[in-house]
Amino acid sequence: MKTHEQSHDHSHVQGRPEGHAEGRAETSGAQDQSSAQGHAEGRLQPYEQDREQRRADGYARTREQAYERRDAQRREPDRAGATDAGRDEAVAVTTEGLPGWLEPVARAARTIEPLQLSRFLPPESGAGRQSAVLILFGEGERGPELLLMERSGSLRSHAGQPSFPGGALDPEDGDQATTGPLRAALREAEEETGLDPRGVQLFGVLPRLYIPVSSFVVTPVLGWWRAPSPVGVVDPAETARVFTVPVADLTDPANRVTTRHPSGHRGPAFLVESALVWGFTAGVIDRILHFAGWERPWDRTRQVPLDWRA
């Protein structure tokens, strides 16, 4: 996702438990130690090479599956002679068949006011680059969960930052005032995570928000992962990993902190899945938890400092 309120240097702000275990093995002599090290390296090298190859193969399969689905969907309207109205129907928003635990989120989406989400709203002039994110809820082994991704640490901006799948609208997405953001959210999620959009039911749209630092106008689109599909990194140059976070972990007060930037900005954040979720993404999650009635009291004085590169 390229539309975040803030970014951070992954090497300086992680919110991750630091530390590692170290072990030592003493030998009777330097020669024995060198020999043992050589044998260990000899055993590990083929394993490491094989693991890297398996990882590359996995990326390739995920990428090929996503691109094949996208190309097939782009050809479908031409074969069927579908109209714009027909394509609009394919991205309809409906709450029919939602699990009961998602009803509070759907209700909040219908009633929440823009300023209840953020004080940063789109300019009245209409300026700003239109974009959308997919806020996808599913059910995992530990109950309700949320799909997130982590941007590659090699990117020039927002490196290593967890986010919702999403990005800027393309001309092919259609009218930015109607179904364009819906298509963009699904398309970007497929391109970034390999998600099969056919298994996603869109059930709500939150008010558009504005990110002043990047001039993005973001439409948060709510989805129910009705038919889960495999997800993973499609392009390692853009995405470091794709993961889900149990809602129970997001509501756990032990996982909640406030980030503090040297500029004075403070905002809610989450320490989950070995990552610090903060900025735009954390702000939206925080408001959803609050208005869905899932929020639990947490210590807002517990702070995680950011640096100027964040």
field: Restricting region 237-310 to trypsin sites (Lys or Arg not before Pro) in coil, as DSSP defines it, with at most 14 other Cβ within 10 Å
entry: ARG300, ARG302, ARG309
query: Taking the convex hull of the alpha carbon atoms in region 232-310, what volume per residue do you get, in Å³?
result: 108
- request: For region 177-310, list log₁₀ I(q)/I(0) at each q in 0.12 Å⁻¹, using the Debye formula over Cα point scatterers of equal strength and ignoring solvent, two decimals each.
  value: -0.57
Those chymotrypsin sites (Phe, Trp or Tyr not before Pro) in region 205-310 that DSSP places in a loop and that have at most 10 other beta carbons within 10 Å: TRP308
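Each value in this text was obtained by applying a stated rule to the coordinates, not by laboratory testing. These figures come from a predicted structure and were not determined experimentally. With ideal geometry, Cβ positions are generated from the backbone for all residues, glycine too; neighbour counts draw on all protein chains shown.
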